[in-house]
Structures are given as structure tokens and as C-alpha cells.
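Peer 1: Have a look at the structure that comes next, please.
None of the figures in this text is laboratory data; all of them are computed from the coordinates on show. As the structure is a prediction and not an experimental result, all values here were calculated from the model. Neighbour counts run over all protein chains shown; Cβ positions are idealised from the backbone, glycine included.
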Amino acid sequence: MAREEVLQRALLAALICLGAATLGARADLVQVGGSSGWGLGINYPLWAEQNPVYVGDVLFFVFPPAIHTVFALPNNQSLTACDFSNSTNLSQPNNSNVAPGLVGVNVPVSAPGPDYYACEVDGHCLDGMKVAINVLPGPRPVLAPAPAPGAGIAAGPSGA
Ligand SMILES: *[C@@H]1O[C@H](CO)[C@@H](O)[C@H](O)[C@H]1NC(C)=O
Ligand SMILES: *[C@@H]1O[C@H](CO)[C@@H](O)[C@H](O)[C@H]1NC(C)=O
Ligand SMILES: *[C@@H]1O[C@H](CO)[C@@H](O)[C@H](O)[C@H]1NC(C)=O
Ligand SMILES: *[C@@H]1O[C@H](CO)[C@@H](O)[C@H](O)[C@H]1NC(C)=O
């Protein structure tokens with residue numbers, strides 16, 4: 001094998017590995033509540049229905065820290081009752097990529113199944129500031145590229 005060819009093959013192999021690694025590492029930063037963020041008056045059940053979350057994604061809670069908090073609750077009953085026993089306070093900000101006056105918390109999701117989050121301030125949870133997120137097994141599917149115009153029309157054998 002010529003030296004050139006060896007190099008070319010090695011480069012190709014490296015590119016394939018890189019591509020595979022990039023695909024495998026596909027993870028989204030999912031802002032909870034979309035552009036509305038974490039607050040009152042947001043339809044979280046609808047948001048959760050429309051925004052699937054996959055293992056490997058990172059949930060991103062954005063909120064004004066003097067007004068709201070983020071707690072992880074242990075189960076659906078505690079979410080329904082807004083019972084904060086055995087909950088975990090996740091309100092310590094660790095993503096500073098937010099607008100002034102807001103804080104951001106990144107919560108990586110590493111296991112499939114439902115996760116429960118709510119604001120523990122005053123009656124906010126009972127007012128609907130809570131969300132059940134059913135984390136789907138990863139990896140997040142990569143969107144297929146849009147078919148080229150006309151693709152599929154001229155797929156049959158021509159002139160047959
Ligand atoms: C959580 O509890 C609510 C209220 O009881 C119920 O409607 C819902 O189906 C439950 N969700 C799950 C995932 O069990
Ligand atoms: C909190 O944890 C304790 C100990 O595991 C358990 O007995 C109790 O039922 C839990 N409470 C709730 C609301 O989950
Ligand atoms: C950010 O904070 C959340 C909530 O406490 C935690 O789950 C996560 O591991 C933290 N991330 C980093 C990079 O510290
Ligand atoms: C939750 O954590 C935040 C940020 O560290 C803190 O300001 C708040 O007082 C905590 N809330 C409770 C009820 O511990």
C-alpha cells in the first residue's frame with residue numbers, strides 16, 4: 001500500500017470516528033418552559049408534552065432568584081400534593097448564561113423515567129409551577145436531513 005493511501009485511510013477512519021462521537025454525544029440543553037422559562041402562569045404539562053427530553057440532555061431552569069426556586073421531588077404523589085418532604089433544593093445557580101436579574105441552573109438527566117420539579121416558594125407549586133418530565137432513553141435522535149426536492153419521484157427504473 002502506498003504511503004499516501006495509508007494516510008488517506010487513516011484520515012478517513014479518524015473522520016468516521018469523529019462523526020460517530022459527535023452523533024453519540026448529541027445532547028440538548030433544554031430550557032424548561034421554553035422561552036417563558038421557570039415561572040408562574042406557564043402550562044408545564046403542555047410544554048412537557050411538546051418537548052421530549054432524552055437521557056444525556058441537560059435541563060436548564062431560568063428564573064429570578066428572589067422569587068422562585070427549583071426543587072426535585074421524589075415522586076408523582078409529592079408533585080400532585082406539592083409535598084416537599086424528601087425533596088432536593090436545586091436552586092444554586094451554575095449556568096451564568098442568562099439575562100440580567102435571572103439565574104440559571106443546569107440539571108443533567110442521566111436516567112430514563114419521570115422526574116418531578118417544582119417551585120417551593122409560597123403557593124407557587126399549588127398554582128401550577130411544577131413539571132413532570134418523562135425522560136426518554138437516549139441518545140436523542142438526530143433529525144434526518146430533508147429529502148432533496150423531487151427525491152422519491154424519479155426513484156423507479158427509468159425507461160423500463
Ligand atoms: C400523577 O398523578 C396525577 C394525579 O393523581 C395523575 O393524573 C397522573 O396520571 C400521574 N402521573 C403518573 C406518571 O403516574
Ligand atoms: C420521605 O422518606 C421517608 C423515608 O424514606 C418515607 O418514609 C416517607 O414516606 C417519604 N415521604 C414522602 C412524601 O415521599
Ligand atoms: C448544577 O446544579 C445542579 C442542581 O444542583 C446539579 O444537578 C448539577 O450537577 C450542577 N452542574 C454542575 C456542572 O455543577
Ligand atoms: C434553596 O437554595 C437557594 C439557593 O441556594 C436558597 O437561596 C434557598 O433559600 C433554598 N431554599 C430552601 C427552602 O432551603
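Peer 1: Taking neighbour Cβ counts within 10 Å as the exposure measure, how do 68, 124 sort from fewest upward?
Peer 2: Fewest-to-most ranking of 68, 124: 124, 68.
Peer 1: Now, a different point. Given 80, 110, 97, which one lies farthest toward the positive end of the charge dipole of the stretch 25-135, if we put +1 on the Cβ of every Lys and Arg and -1 on the Cβ of every Asp and Glu?
Peer 2: 97
Peer 1: Set the Förster distance to 25 Å, then compute FRET efficiency between residue 143 and residue 72 from the Cβ-Cβ distance, nearest 0.05.
Peer 2: 0.25
Peer 1: Karplus couplings for the stretch 31-40 from phi (6.51 cos²θ - 1.76 cosθ + 1.60, θ = phi - 60°), rounded to Hz, Gly and Pro as x?
Peer 2: Couplings: 6, 5, x, x, 5, 6, x, 9, x, 8 Hz.
Peer 1: From the phi angles alone, apply the Karplus equation (6.51, -1.76, 1.60; θ = phi - 60°) to the stretch 129-136 and give each ³J(HN,Hα) in whole Hz, x where the residue is Gly or Pro.
Peer 2: Residue by residue, the stretch 129-136 yields 8, 7, 8, 9, 10, 8, 5, 8 Hz.
Peer 1: If amide H atoms are built 1.01 Å from N in the plane of the peptide, which residues on other chains or at least 5 residues away come under 5 Å of the amide H of residue 30?
Peer 2: 58, 59, 60
Peer 1: Is there a quick way to get the dipole size of the stretch 25-135? I mean about its Cα centre, with the Cβ of Lys and Arg at +1 and of Asp and Glu at -1; what is the value in debye to the nearest 20?
Peer 2: 180
Peer 1: Here's another thing I want to ask about it. Per the Kirkwood treatment, what hydrodynamic radius in Å, one decimal, follows for the stretch 25-135 from the mean inverse distance over all distinct Cα pairs?
Peer 2: One decimal place: 13.9 Å for the Kirkwood radius.
Peer 1: A further question follows. Take the alpha-carbon positions of the stretch 37-85, form their convex hull, and give its projected area averaged over all directions (one quarter of the hull surface) in nm².
Peer 2: Mean orientational projected area (the stretch 37-85, Cα hull): 4.4 nm².
Peer 1: Also, quick follow-up: State the extension gain, in nm to one decimal, for the chain segment bounded by residue 136 and residue 122, taking 0.36 nm per residue of separation less the distance between their alpha-carbons.
Peer 2: Fully extending the segment from residue 136 to residue 122 adds 1.9 nm.
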